[in-house]
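A quick write-up on the structure given underneath.
What follows draws every value from the coordinates through simple rules; no lab data is involved. Just so it is clear, the structure is predicted and the values come from calculations on it, not from any experiment. Methodologically, a virtual Cβ is constructed for each residue, glycine included, from the backbone with ideal geometry; neighbour enumeration extends over all protein chains shown.
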Amino acid sequence: MVRKNISVLAYGIAALALVALSSAVFLEWVFPIDTTILQAIRQLHSPTMDVVMVAITRLGNPKFTVPLVFVVFTLLWVKKHRLEAKLFALNCMGGAVFSTGLKLFFGKVRPALWNSPIEEVTFSYPSGHALGAVVLYGFLAYLLGRRLPKYKGVIYVGAIALALAIGFTRLYLGVHWPTDLLGGYIIGFLWTSSCILFLKKRLPTVASPKA
């Protein structure tokens, strides 16, 4: 019961934070801390770091994530984990819809404080990479955690670290404001948590898949 109450509280706080942040973005409020953080991160730049950051950010690019989603979905389907496969696909597609739709709705311009080694042409809020990292790697962590309960903690920490690393690259590369990442993380958390909760409620009623 305590664990459930904590989850509900976290969900509620996240939802309220998203409403407040999105309202501020919609009203085109300026966040001075956005520029301050980016300028501080700019001091870390070096040719070697540029290569590393570009490599990590690609883990959130559609060219990498779409094939990964297809492979995971296919494996789940072939192994007769049909409900998990459907929820995994719904989770990922929903994340893509949220990212694209909200970017068009808010129309926030990306930062242009320096010349970035990569080019982005879509709007800034929310960060699709932050949102997508939580949606994809968060759900994958849940699936792996169910199958490897002994290592569940390590798996979850790894997924969180990866999502944070991908988000940091967006700041390092100068293509997102920090508040874009915050919005993306919150949306990804709320959506993925909802999908996982639905899956948890349905799994006990589903017959165990054949080996």
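Which residues in the stretch 134-175 have a backbone N closer than 12 Å to a point placed 7 Å from the Cα of Ile41 along the Cα-to-Cβ line? The answer is 164-175. Going from the fewest other Cβ atoms within 10 Å to the most, the residues Cys195, Cys92 appear in the order Cys195, Cys92.
Taking each of Lys63/Lys86; Lys63/Lys200; Lys63/Lys152; Lys152/Lys200 in turn, the alpha-carbon distance tops 19 angstrom for Lys63/Lys86; Lys63/Lys200; Lys63/Lys152.
Sorted ascending by nearby beta carbons within 10 Å, beginning with the fewest, Asp34, Asp180 become Asp34, Asp180. Across the stretch 123-211, the fraction of Cα-Cα pairs farther apart than 23 Å, rounded to a whole number, is 32%. For the chain, the longest principal axis of the C-alpha atoms and the axis of helix 32-42 are separated by about 90°.
Please determine, in degrees from 0 to 90 and to the nearest 10, the orientation of helix 128-147 with respect to the longest principal axis defined by the Cα atoms of the chain, where the helix direction is its Cα long axis. Taking Cα atoms only, the helix is inclined about 30 degrees. If R0 is 30 Å, the Cβ-Cβ spacing of Lys63 and Leu203 corresponds to a FRET efficiency of close to 0.40. Note that the chain, at 10 °C in a medium of 1.306 mPa s, gets a Stokes-Einstein diffusion coefficient of 87 µm²/s from its Kirkwood radius over C-alpha pairs. Counting only Cα atoms, the size of the stretch 47-161 along its three principal axes is 48, 35, 21 Å, in decreasing order.
If you run the Gaussian network model on the chain, springs between alpha carbon atoms under 10 Å, then out of Asn61, Asn115, Asn91 the most flexible one is Asn115. As a proxy for reagent exposure, Trp29, Trp77 were ordered by neighbouring Cβ count within 10 angstrom, fewest first; the result is Trp29, Trp77.
Neighbours of Pro126, meaning other residues whose beta-carbon lies under 15 angstrom from its beta-carbon, give a summed charge of +1 when Lys and Arg score +1 and Asp and Glu score -1. Dividing the helix sum by the residues of the chain, where each DSSP H run of 4 or more adds -39500 (n - 2.57), gives a mean residue ellipticity at 222 nm of -25000 deg cm²/dmol. With semi-axes defined as the square roots of five times the eigenvalues of the C-alpha gyration tensor, the equivalent ellipsoid of the stretch 1-115 measures 31, 25, 16 Å, largest first. Taking the C-alpha atoms only, the angle from helix 152-172 to the longest principal axis of the chain is near 20 degrees.
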